[in-house]
Amino acid sequence: MHPIVSTDQLSPNVTRLVLEAPRIAEIRRPGQFVIVRLDEGAERIPLTIADADAAAGTISLIIQSVGASTMDLVALQPGEAIRDVAGPLGRPTDLLDHGHAVCVGGGVGTAVVYPIAQELHRRGVSVTSVIGGRSREWVIMEEELRTAGDVVVCTDDGSYGRHGFVTEALKDLCEAGGIDEVFAVGPVPMMRAVAELTRPYGIKTTVSLNAIMVDGTGMCGGCRVAVDGETKYACVDGPEFDGHTVDFRVLADRLTTYRAFEHESLARHEACLIPRLAIHATTEGAVR
Amino acid sequence: MTDQRPTLSAKERMAIERVAMPEQDPAVRAMNFREVNLGLTRQIAMLEAERCLQCPKPYCIGGCPVSVNIPRFLKLLREGDLPGAADSLLDDNALPCVTGRVCPQENQCEGVCLRAKKGNAVAIGHLERFVADWAQAHPDELTHVKPQPTGRSIAIVGSGPAGLTAAGELAKLGHAVTIFEAFHAAGGVLVYGIPEFRLPKDIVQAEVDRLVAEGVTIVPNSIIGKTYTLPELRDRFDAVFLAVGAGLPVFMDVPGENLKGVYSANEYLTRVNLMGAWNPGSETPVLHGQRVVVVGGGNVAMDAVRTARRLGADEAVIVYRRGRDELPARAEEAHHAEQEGIRFDLLVAPVEVLGDETGWVRALRCIRMELGEPDASGRGRPTPIAGSEFEIACEMVVVAIGTRSNPLLTSTAPDLEVSPYGYITTDQYGMTSMDGVFAGGDIVRGAATVILAMGDGKRAAAAIDRWLATGFAGEPETDEAPAAEPATAEA
């Protein structure tokens, strides 16, 4: 059992859970993830380790509630617990030890680039983060990223920071030159756009792929992605790959495999939850 | 408490016909996940046990990878001494509830049974299952010997058949055993791979619970190579046994394999079995195809195709590149599959998965094969017949053509010697290139069977016990401990 230590809501549908997982807190490295299973009968869900406190024995997971299973996770309160947490899984990020890196985060992907930015900064790399959201309330982890370097915030509607997509801000940085590597994590269209943007500049671009997986150890092959013409497993060969060689079309397509099931289960779940949601809607913020 | 029964003459024994296992009606069971075989009654089991001739030199024991003393437990069974039969069986076999259901008996004990030469072998598998189920239901009637603790600790990596067997044997000897399991539940292939209708999960759980009651510690969610490294385990424990299986799926390497609707058998069966997706209320999704093609001819392929049938496939098809006689599956599984309306497209190999404009599977393109000269496995080498391509329309393709070694553990243990294919190499006693680290099961021999893995677990436990006591894993006098013979993966 992994007790929840604290929770806070970062955006209308993104929640941070801090939970006890001492061994993982001690050995995890940036880029790695865990697989959690809330309780008996629950789904196994891969989640990037956003932060860890080895002394306290805790890790932070940042969760976007998009389906029934993630809604159950973000509803957890301190004192409750997650039954299973397995990891740390995946290959740690290959990190620079000098130079200038740009970390691009879109939506909940910002939580995935944060530990990378943090470690790059610790190693003495100059870090610029470019993060975005639909509007101000959807921008997360700005404060945390400021501890690692400069931050450029972009919103689609211009309600905060720069008006426009993260790719527009990134283009200006590319034009200015001096970038050794770009790390980009976010929705598939964003990562594809970033990879296309940096390709002509010849800037190494690493992306983190959120493929569907079951075990996270290479056993099921469900997370297979096409990289440089070869089939790779996101769980053990990744989750990070060279963005210039990833076939984003295959990734985007495979991510829709269970869409019908997700809609159905969400509808079922919401039908069960209506009384509870009605009570909590005001304290939890918007519940969609 | 033995029954007073007249002793039968050999002629009388020979006159008894082999029992047929009662099973669910094929049309009914093809729509449910309950166990197909219903089990024998006590009277019928005792009668079947009378068929054993109690050979002075029984071949059946040698035919069993864990050397169960079959005539001994059958004699006790026919005398009505069920506690005695159960003690005898459990003494030889840590998981008889499992092996009584999943062993390929026709190639092992029953294959060499003297009675098979003149008719039908004694139904050893069915009787093993009967006695084992009785033992599981009557724990208080078994003899429990509490071993003297030795103070030695052993880490076992993997809780599949090899790991569970080794754990049981080592705990019986008084060692403190800790099993590290990557998944959230123990059992390995017994829980993620073999379906409920062939091996009910309650039965596996009861075997695991029995080990825990005997003092074995199980640590779930621990991936060795990630959560802990092998060198760390070696430092913390007096010995280590690696039984991680050969978990990586092999794909067909044909175009279209990344289309939606193509599963590895591992993924399909894990979603259905371990994650419970066969239950409509499960949070874990699984696709339900009306037309499902499973590629492969082994037990895993039979499990996958029969699962698809139970999840509502009107057409559930096996595509196998050799013929009916070459199917590597247990005879009973292929027979049950046929009874359940599974179609067998034999001498057929896949060449491409075809998709529609939305990225979903719409058909499997195949080619017909013919068998040529025998290959290394002794079976005819399948070769394609030019111009014989055709399509099988389907929404799902499940690939069940084998598995290979997973580098997760070995890549973080530089001192551990592996073969070019990534399998761990051991000496004749099961010890690896690392002192005090033993290995067995599929990660040594390549994808094989539950019972061969259990045999490795049993031998490794004995070797570990000797090694802890004397510093030498071999047997002191005879020096003939059989090594795990590396078998080739099924094609």
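Read the figures in this text as sums done on the coordinates, not as results from a lab. Note that the structure is a prediction, hence the values are computed from the model and not measured. Cβ placement follows ideal geometry from the backbone for every residue including glycine, while neighbour counts extend to all protein chains displayed.
Computed values, structure above
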{"item": "Hydrodynamic radius of region B:16-162 per Kirkwood, over alpha carbon pairs, in Å", "result": "16.5"}
{"item": "Karplus-derived HN-Hα couplings along region B:231-247 (A = 6.51, B = -1.76, C = 1.60, θ = phi - 60°), whole Hz, x at Gly and Pro", "result": "x, 5, 4, 4, 5, 8, 10, 6, 7, 10, 10, 9, 9, 8, x, 10, x"}
{"item": "For chain A, calculated [θ]222 nm from helices alone, where every DSSP H run of n ≥ 4 adds -39500 (n - 2.57)", "result": "-9000 deg cm²/dmol"}
{"item": "FRET efficiency estimate (nearest 0.05) - Cβ-Cβ, B:H144 to B:V212, R0 22 angstrom", "result": "0.95"}
{"item": "Mean projected area in nm² (Cα convex hull; one quarter of hull surface) for region B:174-221", "result": "3.3"}
{"item": "Relative contact order of chain B, pairs being alpha-carbon contacts under 8 Å that are 6 or more residues apart, as %", "result": "15"}
{"item": "Estimated vicinal HN-Hα couplings, Hz - region B:302-308 in sequence order (Karplus 6.51, -1.76, 1.60; Gly, Pro = x)", "result": "5, 4, 5, 6, 6, 5, 4"}
{"item": "For A:217-228, mean number of other protein chain Cβ atoms within 10 Å", "result": "6"}
{"item": "Rounded D (µm²/s) - region B:354-405, Kirkwood Rh over Cα pairs, Stokes-Einstein at 37 °C, 0.692 mPa s", "result": "243"}
{"item": "Global size of region B:175-272 as Cα Rg and Dmax, reported in angstrom", "result": "16.5, 51"}
{"item": "Virtual paramagnetic centre 7 Å along Cα→Cβ of B:I385, amide N under 20 Å, in region B:324-347", "result": "B:324-327, B:343-347"}
{"item": "Separation between Cα centres of region B:427-465 and region A:152-202, rounded to whole Å", "result": "53"}
{"item": "Ratio of the Cα radius of gyration of region A:1-66 to 2.2 N^0.38 Å, where N counts its residues", "result": "1.07"}
{"item": "Residues A:Y201, A:Y160 arranged by fewest to most Cβ contacts within 10 Å", "result": "A:Y201, A:Y160"}
{"item": "Set of lysines near B:K226 by C-alpha distance (under 23 Å), chain-local residues within fewer than 8 positions excluded", "result": "A:K232"}
{"item": "Stokes-Einstein D (µm²/s) once Rh is taken as the Kirkwood radius of region B:97-238 over alpha-carbon pairs, at 20 °C in 1.002 mPa s", "result": "127"}
{"item": "Ellipsoid equivalent to region A:1-120 - semi-axes via the Cα gyration tensor, in Å", "result": "24, 16, 12"}
{"item": "Span per principal axis, largest first, for the Cα atoms of region B:268-327 (Å)", "result": "40, 22, 12"}
{"item": "Principal semi-axes in Å for region A:50-153 [√(5λ), Cα gyration tensor, largest first]", "result": "26, 18, 12"}
{"item": "Isotropic mean projected area of the C-alpha convex hull, chain B (nm²)", "result": "24.7"}
{"item": "Estimated translational D of region A:79-121 in µm²/s (Stokes, Kirkwood radius over Cα pairs; 4 °C; 1.567 mPa s)", "result": "101"}
{"item": "Square roots of 5 times each gyration tensor eigenvalue, C-alpha, region B:268-424, largest first, Å", "result": "26, 25, 17"}
{"item": "Paramagnetic label zone (point 7 Å from Cα along Cα-to-C-beta, B:N32; backbone N under 12 Å) in region B:257-301", "result": "none"}
{"item": "Per-selection Kirkwood Rh - region B:1-72 (Cα, Å, 1 d.p.)", "result": "15.1"}
{"item": "P(r) tail fraction, region B:358-463 - alpha-carbon pairs more than 18 Å apart, %", "result": "67"}
{"item": "3J(HN,Hα) from dihedral phi, region B:101-118, Karplus parametrisation 6.51/-1.76/1.60, rounded to Hz, x for glycine, proline", "result": "9, 10, 5, x, 4, 4, 9, 10, 3, 6, x, 9, 4, 4, 5, 5, 5, 10"}
{"item": "All Cα pairs of region A:137-237, percent lying beyond 18 Å", "result": "59"}
{"item": "Cα centroid separation - region B:60-119 against region A:6-28, whole Å", "result": "52"}
{"item": "Globularity ratio of the protein assembly as shown, using Cα Rg and 2.2 N^0.38 Å", "result": "1.03"}
{"item": "Residue mean of other protein chain beta carbons inside 10 Å, B:265-271", "result": "5"}
{"item": "Cα coordinate range in region B:295-380, projected on the principal axes (Å, largest first)", "result": "43, 27, 16"}
{"item": "Size of electric dipole in region A:23-87: Cβ of Lys, Arg +1 and of Asp, Glu -1, about Cα centre, debye, nearest 20", "result": "260"}
{"item": "Overall form of chain A per C-alpha gyration tensor (a/c, 1.5; a/b vs b/c)", "result": "rounded"}
{"item": "Bridge type composition, chain A - antiparallel percent by DSSP, nearest 5", "result": "60"}
{"item": "Within 10 Å of each Cβ in A:256-262, the average number of Cβ atoms from other chains", "result": "4"}
{"item": "Compactness index (Cα Rg / 2.2 N^0.38 Å), region B:403-480", "result": "1.11"}
